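**Q** Next up is a structure, given as structure tokens.
The values are calculated or read from the model by the stated rules, or taken from the named source; none is laboratory data. Worth saying up front: this structure is predicted, and the values here are computed from it rather than measured. Glycine also receives a Cβ, built like all others from the backbone with ideal geometry; neighbour counts cover every protein chain displayed.
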Ligand SMILES: [Zn+2]
Ligand SMILES: [Zn+2]
């Protein structure tokens with residue numbers, strides 16, 4: 001019969017993992033590990049995390065589980081999350097199998113929050129644009145075109161009513177071209193050099209003239 005070398009309890013009284021009772025085993029061996037500092041980037045405008053996904057409890061849990069190091073098999077986990085300004089407090093309960101024994105581990109973690117605008121919000125709030133779409137004549141096509149541009153990964157920044165139609169200001173020209181092709185719209189395209197970035201790459205602004 002096994003006797004726990006730490007607390008002296010026997011196999012008859014408590015469950016064992018290897019040569020230790022479950023409680024002493026878990027105290028002695030860290031079965032799950034997290035990095036000492038957890039840092040999560042959160043967009044202050046839309047709340048997206050790490051520039052890609054919604055900051056829901058589900059997604060935060062997914063991110064935490066990726067940060068977790070364990071040799072054991074995770075069976076189940078649940079996260080309770082309390083969000084404060086600069087820190088989020090996470091209580092992660094995990095059920096694992098350690099050498100065949102079912103074990104529950106509860107980790108209280110502090111997540112440091114770095115507020116950083118996601119790409120989408122940064123572009124939206126900046127003045128930057130690289131496409132002008134001049135729609136002339138009936139502008140019935142405008143809404144469908146704008147929707148299609150966004151579907152293609154672009155973004156509508158502004159709209160200006162002009163005498164014979166509307167000017168739509170957008171990023172980025174690749175998405176506009178894709179949308180125009182998708183909707184089979186005929187456009188006269190012209191490019192204008194507007195500058196150079198630090199790496200010497202030329203920057204262009206594209207004008208799409210659509211006459212209906
Ligand atoms: Zn023990
Ligand atoms: Zn955002």
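**Q** Residue 42 fails exactly one of the following numbered conditions: (1) at pLDDT below 95; (2) within 16 Å of ligand 2 (Cβ to nearest atom). What is the number of that condition?
**A** (1)
**Q** Can I ask one more? Just give me the residues in segment 128-152 being more than 18 Å from residue 185 (Cα to Cα) and surrounded by fewer than 16 Cβ atoms within 10 Å (Cβ to Cβ), in sequence order.
**A** Within segment 128-152, just 128 meets the criteria.
**Q** In addition: For segment 19-48, give me the residue count where each residue is in a loop (DSSP other than H, G, I, E, B) and either within 11 Å of ligand 1 (Cβ to nearest atom) or more than 26 Å from residue 108 (Cβ to Cβ) (or both).
**A** Residues meeting the conditions: 3.
**Q** Residues in segment 179-193: is at least one under 33 Å from the mean Cα position of the chain (by Cα), under 30 Å from residue 50 (Cα atoms) and surrounded by 11 or more Cβ atoms within 10 Å (Cβ to Cβ)?
**A** Checked against the condition, which is being under 33 Å from the mean Cα position of the chain (by Cα), under 30 Å from residue 50 (Cα atoms) and surrounded by 11 or more Cβ atoms within 10 Å (Cβ to Cβ), segment 179-193 yields at least one hit.
**Q** Would you pick out the residues in segment 150-170 that are over 21 Å from residue 211 (Cβ atoms) and out of contact with any strand residue (DSSP E or B) (no Cβ under 8 Å at 6 or more places or on another chain)?
**A** Correct list: 151, 152, 153.
**Q** Further question: Would you mind listing the strands (runs of 3 or more DSSP E) fully within segment 75-139 where at least 3 residues are more than 22 Å from residue 56 (Cβ to Cβ), modelled with pLDDT under 90 and in the same structural domain as residue 20 (by TED's automatic domain parsing)?
**A** Strands (runs of 3 or more DSSP E) meeting the threshold: none at all.
**Q** Ok, one more. If you check residue 57 against the conditions, is it more than 16 Å from ligand 2 (Cβ to nearest atom), in contact (Cβ under 8 Å) with a residue 60 or more places away in the chain, surrounded by fewer than 15 Cβ atoms within 10 Å (Cβ to Cβ) and closer than 30 Å to residue 123 by Cβ?
**A** So residue 57 fails the test.
**Q** Next up: I need the full set of residues from segment 90-115 which are closer than 18 Å to residue 44 by Cα and either crowded, with 16+ Cβ neighbours inside 10 Å or without any contact (Cβ under 8 Å) to a residue 60 or more places away in the chain (or both), in order please.
**A** 111, 113
**Q** Another question, then. Can you work out which of the residues in segment 153-166 that are under 32 Å from the mean Cα position of the chain (by Cα) and on the phi < 0 side of the Ramachandran plot is surrounded by the most Cβ atoms within 10 Å (Cβ to Cβ)?
**A** The residue in question is 154.
**Q** Buried (at least 17 other Cβ atoms within 10 Å of the Cβ), away from ligand 2 (no atom under 16 Å from the Cβ) and in contact (Cβ under 8 Å) with a residue 24 or more places away in the chain: is that true of residue 32 in this structure?
**A** Here the answer is yes, as residue 32 does meet what is asked.
**Q** Name the single residue, out of those in segment 171-210 being touching a strand residue (DSSP E or B) at 6+ places or on another chain (Cβ under 8 Å) and assigned to a loop (DSSP other than H, G, I, E, B), that is nearest to residue 131 (Cα to Cα).
**A** 172
**Q** Just wondering, is there one or more residues in segment 52-67 that are farther than 30 Å from residue 10 by Cα, touching a helix residue (DSSP H, G or I) at 6+ places or on another chain (Cβ under 7 Å) and assigned to a loop (DSSP other than H, G, I, E, B)?
**A** no
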